[in-house]
Every structure is written in C-alpha cells, then in structure tokens.
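This report concerns only the one structure given below.
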Amino acid sequence: MIEFVIALACAGSAYALLSKDLLHGTIALSATSVLSALLFFMLRAPDVAITEAAVGAGVSTIIFVWAIRETDRKDGR
Amino acid sequence: MRRADIAGTLAGIVVAILSCAVVAPVLLPDVPWPEAARDLLAARGLGETGASNLVSAIYLGYRAFDTLGETIVLLAALAGAVSLIGAARDTPLHGEEAGVAADRGDYRGPADKRRRLHTEIMDSIAGKLAPIVLLFGAYVMLYGHSSPGGGFQGGVVIASGVIFIAIGRRSGGIGRIGPRLTVFGPRALSRMEASAFAAIVLLSFPVSISAFEGLRAGASAVGVSVPAVSYIVALNVSIGLKVGSGVALMCVMMLGGESE
C-alpha cells in the first residue's frame, strides 16, 4: 500500500514538472501533497500529515493559482 | 551538444554526488543513533510538561527557542511577500514592459484585475464553509497538546477559513460576511500578527516560565489549580494566531482585499 502511494506521488510530481499547462501542474502538485499527507498518516505521523495537507494542498495551491492568474498560464519555453 | 547542456549535465552529476554524500550516513549506519536525549524526552517529556501529545511537549516544552526561530523565519518571509505584493499593486506595468505586454495582448488594466468572480460554487459555498473551517482550525490549535495538531497546523487551517471569507466577499454571494466587519481585513490581521508575535517572544523567555510557575504556585495557594499544560496551550494559541493572521494577510492582499 505504501509503495502504491509513493508511486502515485512520484507520478504526480513528474507530471507537475513536465506539464506545459501550469494550472494542470499546480493541481497535480496539490494531489501529490494530499498523497504525501496520506503517507505521513500511514507512517503514524498525524501532526506532519495535518501540516502537509493544510500547507501543501491548501495555502500553496492558492498562492500558485494566484501567481498563474497574475502572469501567464502556459509554460513559455 | 551545446555548451549549456554540457554544463547542466555536469552540474547535475555534482549535485547527485553531493546528495549521496549527505544521505550516506543514513544509509550506512555504522555509528549507532544517539539515544540519550531521545530516551530522556520519551521518559520525562509527558510528565514534566503535562501534555499528552509528545510532539507538542517537545517542540513547545523543551524547544521553545527553536519554535521562536521558526516563527521569525515565517515573519520575514511574509513581510517580504507582503511588501512585494504591495509594490506590485502600487506600480502598474509601464514603459517597455507595458508595451511588450500590450503587444502580446495580455496586458490587463488594474480594473480588470479586480473583476468579480461569479461562479455558483463560490456564491453558495465560500461564505458558509468559512465558519466550519475556522471552528476546526480553532480546535486543532487549542487541542494541540493532547491530539495531533498544534499552533502551526491550526493557524494554517484558520488562514484557509479567512481566505474563504475573502473569496465569499469578493463573489458577493448569499451568506457572505459583510464588508463592514473589519476583523478579517488586512489592517486587523496585521495588528493581530504583530501582537501574537510579541506574545510568542515574551512566552519563550525563561523568565516567563518561572513567572508562570510562580503564578501556578500562587493559584494553588488560593485553591485554584492551574494545570502545567496551560503554558503549552498559551504558546499554541499565540503561534496559531500569528501563523493564521500572517498567512491570511498575505492571501487576502493577493486576492486584492486591501481596498475593503
């Protein structure tokens, strides 16, 4: 089960790195954060899991989405 | 292969070797782990602080200065972000940059940046979800000594609640909290952050711990019993208010709520 969650988190972060649409990348990063929170909870660190869910999936997603809205949605390379 | 590619590959190899060197002591455990501090904290942490969550007991009961340092780092980061946001709002694009942006057709004036979000989800959910999120944040913050959570976690959850309030206000939907209530405005949030930070600094010093012990002794002489854990609760509450108001201040300014 832990290996499965780690594989999903790796897939999500790889998609976030490679995606040309920054909004999709941000959503993938948020999903990766939720998976890491689940992983922390399974490894019996609920304090860290709450932090990861609140910061990684909540506040940082809001900041990224705001930055994308203020600049450009496509990766310009 | 271009020179930049070669340089990038070399840099990548160097970074990989350095990271292996950093992780090596963990992977090759010849030296046994230091156990004295761990065993001491595991044996005495809960009894001395009165908390039942060992994580909170250690990072607030024994490591309050480290926690103070973390909040200072967070304060510096937030101050930088807030000043950048303020500068970006004050000076619109001008000169060459504005010309390039206008050529690309994606320059939007300041008025357009403040356009109202109108979606059904925002209208119907944001304002109503906020009190529940705030309540959960307060629970995580206040019960950090006995259950998973604490000041940082509860503070970020509280910040999410304040962000919901800001989004609900912008959308102008039903059930939003009126703009006349300025408790969730930037001015009140920054004041709250400053006073909570002052409270953390005061609480971290050894003098305040001995003062707290004196207060406990005096209270028990009168007949009122103050539990030892209330020191950790006080630290959790001030950290939660500091983190919550700071993160919420940054996000509310980002959303353009400083005009309210």
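The values are calculated or read from the model by the stated rules, or taken from the named source; none is laboratory data. Just so it is clear, the model here is predicted, and its values are computed rather than measured. Methodologically, a virtual Cβ is constructed for each residue, glycine included, from the backbone with ideal geometry; neighbour enumeration extends over all protein chains shown. Accessible surface areas use protein heavy atoms only, side chains included; no ligands, DNA or RNA. Shrake-Rupley method; radii C 1.70, N 1.55, O 1.52, S 1.80 Å.
Values as computed for the structure displayed
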{"read-out": "Helix-only [θ]222 nm of chain A, DSSP H runs n ≥ 4, -39500 (n - 2.57) each, per residue, nearest 500", "value": "-23000 deg cm²/dmol"}
{"read-out": "Sulfur and carbon atoms: percent of accessible area, chain A [1.4 Å]", "value": "75 percent"}
{"read-out": "Cleavage-rule hits, trypsin sites (Lys or Arg not before Pro), segment B:24-75, DSSP coil, Cβ neighbours within 10 Å at most 15", "value": "B:Arg63"}
{"read-out": "Whole-angstrom Cα spans of segment A:10-50 along principal axes, big to small", "value": "36, 15, 8"}
{"read-out": "Probe 1.4 Å, protein heavy atoms only - accessible area per residue of segment A:2-70 in square angstrom", "value": "55 Å²"}
{"read-out": "Solvent-accessible surface ranking, highest first, for A:Leu17, B:Leu60 at 1.4 angstrom", "value": "A:Leu17, B:Leu60"}
{"read-out": "Centre separation in Å (Cα based) which lies between segment A:1-57 and segment B:10-54", "value": "23 Å"}
{"read-out": "Dmax and Rg, reported as Rg then Dmax, of segment A:2-70 (C-alpha, Å)", "value": "12.3, 39"}
